[in-house]
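J.: The structure under discussion is supplied below as structure tokens; questions concerning it will follow.
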Amino acid sequence: MPLIRREINVKNPQGLHARPAALFVQIVSKYDSVVTIQGNGEKVNGKSIMGILTLGAQKGADVVIEVDGEDAQIVADELEALLTDEEK
Amino acid sequence: MKIREFISAKAVSADLKAKDKEGVITELVDLLIDTDAIDRKSKKKVLEVLMAREALGSTAIGQGIAIPHAKHKSTKQLVGCLGVSKEGIDFDSLDGELAHIFFLLMAPIDSAGPHLKALAKISRLLKDKFVRERLKGAKDEEEIKKIIDQEDDRLMSL
């Protein structure tokens with residue numbers, strides 16, 4: 001089982017606010033992989049909007065996602081695309 | 001940042017009456033107007049931007065919580081209010097649960113930082129199931145205010 005760990009610089013103009021957090025959870029929920037996201041010294045479940053919001057990750061902050069499962073590659077790619085989307 | 005910095009003691013309701021999404025957002029905006037956090041003349045516009053934000057995707061974040069929020073020029077600083085619906089309201093939450101606890105936030109245009117910090121703070125508060133249950137069961141505004149004060153102090157000391 002592949003485990004993918006990726007450090008991502010958040011590029012969403014308003015940071016990881018409610019909308020990207022909801023979209024993040026929607027992506028994670030589509031797949032089987034287990035996802036966590038860390039920032040600011042905290043690690044939270046990738047299926048919890050509330051958890052993701054507690055990170056308070058602003059634009060320019062570094063977060064780390066860990067994706068564990070058979071479909072980890074595609075999940076990590078989709079999540080990275082979301083967090084680096086300058087229009088979300 | 002403390003919760004009481006953006007939620008004034010008066011901007012609290014322990015018993016929201018509305019039955020649907022638009023109704024509850026209107027009731028919360030009225031609460032902000034009654035506490036002079038927002039000018040009555042801006043009500044229509046403020047409701048418009050909040051509903052437009054909901055149309056992009058629900059601000060219900062699961063576990064019975066919704067955080068309707070938007071930006072508008074009628075406010076110079078981050079303002080908010082807190083309401084509890086005993087019955088719960090269908091807010092199109094991803095987890096399918098009815099929303100009971102509502103934090104409504106209005107921020108000035110061009111402010112990302114405080115907004116994000118407030119969302120983080122509220123999430124940290126409500127991550128605790130015990131806090132959610134206490135807020136839902138609060139018998140009046142005074143009790144809600146007490147919970148927020150206690151939790152503000154607890155969260156600051158972490």
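The values are calculated or read from the model by the stated rules, or taken from the named source; none is laboratory data. Quick caveat: nothing in here was measured; it's all calculated off a predicted structure. Note that we place each Cβ from the backbone using ideal geometry, even for glycine, and neighbour counts take in every protein chain shown. The accessibility values were calculated without ligands, DNA or RNA, using every heavy atom of the protein model including side chains. Shrake-Rupley method; radii C 1.70, N 1.55, O 1.52, S 1.80 Å.
J.: For a label point 7 Å from the Cα of A:Asp62 along Cα→C-beta, name the residues of the range A:40-56 whose backbone N is under 20 Å from it.
T.: A:40-44, A:55-56
J.: Where does helix A:18-30 land angle-wise versus the long Cα axis of chain A, in degrees 0 to 90, nearest 10?
T.: 10 degrees
J.: Right, another one. Using only Cα atoms and rounding to the nearest 10 degrees, what angle (0 to 90) does helix A:72-83 make with the longest principal axis of chain A?
T.: Approximately 10 degrees, to the nearest ten.
J.: Also: Enumerate the calculated ³J(HN,Hα) couplings along the range B:80-94 in order (Karplus 6.51 cos²θ - 1.76 cosθ + 1.60, θ = phi - 60°), each rounded to whole Hz, writing x wherever the residue is Gly or Pro.
T.: x, 9, 10, x, 10, 9, 5, 6, x, 10, 5, 10, 6, 5, 4
J.: Shifting gears a bit: Given H placed 1.01 Å from N in the peptide plane, which residues other than close sequence neighbours of A:Thr84 have an amide H under 5 Å from its amide H?
T.: Excluding prolines and chain starts, which carry no amide H, the hits are A:Lys11.
J.: Can you tell me, using C-alpha contacts under 8 Å and at least 6 residues apart, the relative contact order of chain A as a whole percent? Numbers along the way, then the final one.
T.: Values: 183 pairs, mean separation 41.7, N = 88.
Answer for chain A is 47 percent.
J.: Any idea of the total accessible area buried by the B-A contact, 1.4 Å probe, rounded to 100 Å²? Intermediate results must be reported in sequence, preceding the final value.
T.: Numbers: alone 8230 and 4880 Å², together 11540 Å².
In total, this chain pair buries about 1600 Å².
J.: Quickly work out the B:Lys2-to-A:Glu7 label distance, labels modelled 7 Å from Cα along the C-beta direction, and quote it in nm with one decimal.
T.: Placing both labels 7 Å along Cα→Cβ, they lie 3.7 nm apart.
J.: Excluding ligands, DNA and RNA, what is the solvent-accessible area per residue of the protein assembly as shown at a probe of 1.4 Å, expressed in Å²?
T.: Using a 1.4 Å probe on heavy atoms only, each residue of the protein assembly as shown averages 47 Å².
J.: Send over the Kirkwood Rh of chain B, from the inverse of the averaged 1/r over different Cα pairs, rounded to one decimal Å.
T.: Computed over Cα pairs of chain B, the Kirkwood hydrodynamic radius comes out at 15.4 Å.
J.: Read phi for every residue in the range A:49-59 and hand back ³J(HN,Hα) as whole Hz from Karplus 6.51 cos²θ - 1.76 cosθ + 1.60, θ = phi - 60°, with x for Gly and Pro.
T.: 4, 4, x, 5, 5, 5, 5, x, 6, 8, 4
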